[in-house]
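For reference, the structure is listed below as structure tokens.
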Amino acid sequence: MSPDGKLVAYLGYNDKHVGNQNVRLNVMDTDGKNQRVIGESLDRSLTDAIWAADGRSLYVQYVDHGITKVARIGLTGRVEPVGLGYGRHRRGDAVAVFRRHVFSVQ
């Protein structure tokens, strides 16, 4: 849920019945309308996402050639790499760390 409570973000993909599909960042209104994929220019599968405090973007975690990275994706779809991170997956928990900030996604 976005900080202002107007949008919901989730990770997923539309199953095209192919061997491999990237997990994408999806956003929709809280009533389920206006569903859209954002940040499609990032050609990697996303592993975690958390809203930025401004509510106009999300931080996402992904793996690129074996290195876990973090990017900021704006609601307009603009992708901005922001640093390296690491992930720890245990019972649905994940952590992204970069620029001395720790984000926990549950």
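Rule-based calculations on the coordinates, nothing more; no lab input. Every value quoted in this text rests on a predicted model; they were computed, and no experiment measured them. A quick note on method: Cβ atoms are made from the backbone with ideal geometry, for glycine too, and the neighbour counts reach across all protein chains shown.
Values as computed for the structure displayed
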| quantity | calculated |
| --- | --- |
| For the stretch 14-57, projected area of the alpha-carbon convex hull averaged over all directions, nm² | 4.1 |
| Spacing of the two label points (7 Å from each Cα toward its C-beta) at ASN14 and ILE50, in nm | 3.1 |
| R0 of 22 Å, Cβ-Cβ distance VAL23-LEU75: FRET efficiency to nearest 0.05 | 0.75 |
| Length gained when the stretch LYS33-LYS6 is fully extended (0.36 nm per residue, less Cα-Cα span) | 8.6 nm |
